[in-house]
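One structure below.
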Amino acid sequence: MASPARKGGVSLPERRNPKKDDGGDGVIARISQSQILARGKQVTSDAGYVAKKLLKSTGKAAWIFGTTFLILVVPLIIEMDREQQLTELELQQANILGTSAGGSAPPAK
């Protein structure tokens, strides 16, 4: 029988299967079974869980603060701005008419 046709003219060596566990005591095998690594994975998992809970509760607090601000503080700011504009308008009208802004009584001599 003929050998299978190859593309190109270069043959590569066969790959070793790094995932294949021969039961050897390689460096990677020892590190992956280490108690320190297992503890590190557990700590990382716990930190991720705490961070997720913290972000979720922070988001809820930000939502509560934001909606409270919109309902209570924004209308107050708008009303204060209207009052300031009204006061400025009264001062302009008083200056045009030539009267004092404090009242209509003439100054005492």
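No lab work stands behind these numbers, since they all come straight from the coordinates. This structure is a prediction, so every number in the text was calculated from the model and none was measured. Methodologically, a virtual Cβ is constructed for each residue, glycine included, from the backbone with ideal geometry; neighbour enumeration extends over all protein chains shown.
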Report task. At 0.36 nm per residue, minus the direct Cα-Cα distance, what do Leu91 and Ala47 gain on full extension? Give it in nm, one decimal, please. Result -> 9.7 nm
Report summary line: Placing each pseudo-label 7 Å from Cα in the direction of the beta carbon, Leu76 and Ala62 end up separated by a distance in nanometres of 2.4
